[in-house]
Amino acid sequence: MAGVREDLEAFTTEMFDGFFRADQRRWGQVYVRGLLLEGRRKSVEPMAARLGEDGNRQALAHFVTTSPWDPAHVRARLAWRMHDVIGAEALIIDDTGFLKDGDASACVSRQYTGTAGKVTNCQVGVSLHLARDHASAAVNWRLFMPASWDPGSPEADVDKVARRGRCGIPAQAGHVEKWQLALDMIDETRSWGIDIPLVVADAGYGDAAAFRLGLEERNLPYAVGISSRHTAHRAGARPVQPAYAGTGRPPKRQYLEPAQTMKSLVIAAGRAAARPVSWREGSRPGQGRSGFKRMHSRFVALRVRPAGRGVRAAGDGPELPERWLLAEWPATEPEPVQFWLSSLPSGMPLATLVRLAKLRWRIEHDYREMKQALGLAHFEGRTWNGWHHHVTLVSAAHAFCTLQRLAHHPKDTEQV
């Protein structure tokens, strides 16, 4: 820590410059330093024990849990700094779980999280990351509120609603689907002046037609995972005018053939349509110039017209727009194993389409670093504001690590 102390002070001064009170600026800097110090547990008490003369447990707890500072101010400064340094070519959306033993923390509930791979007692946070191949940074967060915590929901739980006041949950905060939280964060991030060239997400978001349509309404290109069960027409299909019987309203133009599932369209294209693509260096040792094996597989890319009730209802007419259907079909598999839908231009090279769709790995990399080394899931407070404060400060600590890596080892992004 001594070797980077000066850099850290300059960075945290920049991040907390918007705080009016000197004590908030001071404890913001101390908290981030505590997150960066060695030690397995990054909750307030063990951090205070490691911070020496700055280890005021009460002051740190007050700063992260009770102090009335707006995390959006810090997130905006993070976004400005990291967007320029990273040269972000995409914004990635995902969510992660914060496992809990008790039920007193804000928005904790039994719900599914990929962190555990099952339904379990946890909080779920949705995050937005700026990224390109060599670096990424979390710059925005939302705490997902299950319907059981929303007094206006038919699924409201009396006990959980009663805990809202003790958790400091704002009266106006209610249950919002994760994909809508993602759109809200995108709008906020754009309001900070951050350019978003592409949105990347997994099928948890891509399966929601409303999410994809929300991106299209904002003129934001996307490459999102989808389930194989979604349907589409081939790009060459066109709606036709059925014969008019002469009575009643003339029928609207429609597609004569029923839409097919994404999986069926790829299988119909055949294994011969799959092309080998290598998109990035992996983490396993190899014989390449970098010393690591490159990731590679086979992919099919088709132009299709996505169907479905939500897509049709949002259309301006009977003709559905063209999109990319990308599918990974490894040579060792009997059928395709992963699917994406993208609004990127029709002339996009396959290698570029694959690389951008696969860029989502960066957010998993960030979650791993923030949880294993920076205490993302170690916050022991129970309040709404405390959770948002903590994840923002962890994001700042992670951004500092990224800046240090890029300054000293521009191509080494695998270790904190």
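Checking the condition touching a His at 6+ places or on another chain (Cβ under 7 Å) and of a type in the set (S, T, Y), which residue from S278, S264 passes?
From the options S278, S264, the qualifying one is S278.
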Enumeration of residues in region 6-20 that are exposed (fewer than 12 other Cβ atoms within 10 Å of the Cβ) and modelled with pLDDT under 90: F20
Listing of helices (runs of 4 or more DSSP H) fully contained in region 349-408 that carry 1 or more residues being in contact with a Pro (Cβ under 8 Å, 6 or more places away or on another chain): 384-408
Residue in region 97-114 that is open to solvent by 40 Å² or more (accessible area, probe 1.4 Å), hydroxyl-bearing (S, T, Y) and either touching a Cys at 6+ places or on another chain (Cβ under 7 Å) or part of a strand (DSSP E or B) (or both) present: yes
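Which fully enclosed helices (runs of 4 or more DSSP H) of region 1-96 have 3 or more residues being more than 22 Å from the chain's Cα centre (by Cα)? Walk me through it before giving the result.
Values: elements: 5-15, 22-36, 44-50, 57-65, 71-86.
Output list reads 5-15, 22-36, 44-50, 57-65.
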Filter result for L320 (surrounded by 19 or more Cβ atoms within 10 Å (Cβ to Cβ), modelled with pLDDT under 95 and in a loop (DSSP other than H, G, I, E, B)): yes
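Regarding region 71-81, can at least one residue be identified that is free of Cβ contacts under 8 Å to residues at least 40 places away in the same chain and either closer than 19 Å to H388 by Cα or not hydroxyl-bearing (S, T, Y) (or both)? Talk me through it step by step, then tell me what you get.
Start the filter on region 71-81 by keeping residues that are free of Cβ contacts under 8 Å to residues at least 40 places away in the same chain, which leaves none.
No: zero hits.
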Lone unmet requirement of (1) in contact with a Lys or Arg (Cβ under 8 Å, 6 or more places away or on another chain); (2) open to solvent by less than 60 Å² (accessible area, probe 1.4 Å); (3) closer than 26 Å to E328 by Cα for F292: (2)
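Can you pull out the residues in region 385-394 that are touching a helix residue (DSSP H, G or I) at 6+ places or on another chain (Cβ under 6 Å), open to solvent by less than 10 Å² (accessible area, probe 1.4 Å) and closer than 14 Å to S127 by Cα?
If we filter region 385-394 for residues that are touching a helix residue (DSSP H, G or I) at 6+ places or on another chain (Cβ under 6 Å), which is where we start, we get 386, 388-390, 392-394.
Remaining after also requiring open to solvent by less than 10 Å² (accessible area, probe 1.4 Å): 386, 389-390, 392-394.
Within region 385-394, H389, H390, T392, L393, V394 qualify.
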Unique match (being open to solvent by less than 20 Å² (accessible area, probe 1.4 Å) and touching a Ser or Thr at 6+ places or on another chain (Cβ under 6 Å)) among V64, V74, V30: V74
Cβ-Cβ under 7 Å pairs, at least 6 apart or on other chains, region 338-358 side of a type in the set (G, A, S), far side assigned to a helix (DSSP H, G or I): S342/L353; S342/A357; S343/E216
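Restricting to region 85-102, give me the number of residues that are in contact (Cβ under 8 Å) with a residue 24 or more places away in the chain, closer than 27 Å to D150 by Cα and not small (G, A, S).
So the count comes out to 6.
What do you reckon, is E328 touching a Ser or Thr at 6+ places or on another chain (Cβ under 6 Å), among the charged types (D, E, K, R) and closer than 24 Å to H230 by Cα? Before the answer, list the steps.
Values: touching a Ser or Thr at 6+ places or on another chain (Cβ under 6 Å): yes; among the charged types (D, E, K, R): yes; closer than 24 Å to H230 by Cα: yes.
When the stated conditions are applied, E328 passes them.
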Matching helices (runs of 4 or more DSSP H) fully within region 142-240 where at least 1 residues are open to solvent by less than 30 Å² (accessible area, probe 1.4 Å) and touching a residue at least 40 places away in the same chain (Cβ under 8 Å): 178-191, 203-206, 209-217
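Looking at G3, G52, can you tell me which residue is modelled with pLDDT under 95, open to solvent by less than 70 Å² (accessible area, probe 1.4 Å) and either small (G, A, S) or in contact with a helix residue (DSSP H, G or I) (Cβ under 7 Å, 6 or more places away or on another chain) (or both)?
Values: G3 fails: open to solvent by less than 70 Å² (accessible area, probe 1.4 Å).
Step by step, each of G3, G52 is checked, and only G52 is modelled with pLDDT under 95, open to solvent by less than 70 Å² (accessible area, probe 1.4 Å) and either small (G, A, S) or in contact with a helix residue (DSSP H, G or I) (Cβ under 7 Å, 6 or more places away or on another chain) (or both).
The values are calculated or read from the model by the stated rules, or taken from the named source; none is laboratory data. Here the structure is a predicted model, which is why all the values come from computation and not from measurement. Counting neighbours? That spans all protein chains shown, and the Cβs are built from the backbone with ideal geometry, glycine included. What goes into the accessible areas is simple: the full protein's heavy atoms, side chains included, and nothing from ligands, DNA or RNA. Shrake-Rupley method; radii C 1.70, N 1.55, O 1.52, S 1.80 Å.
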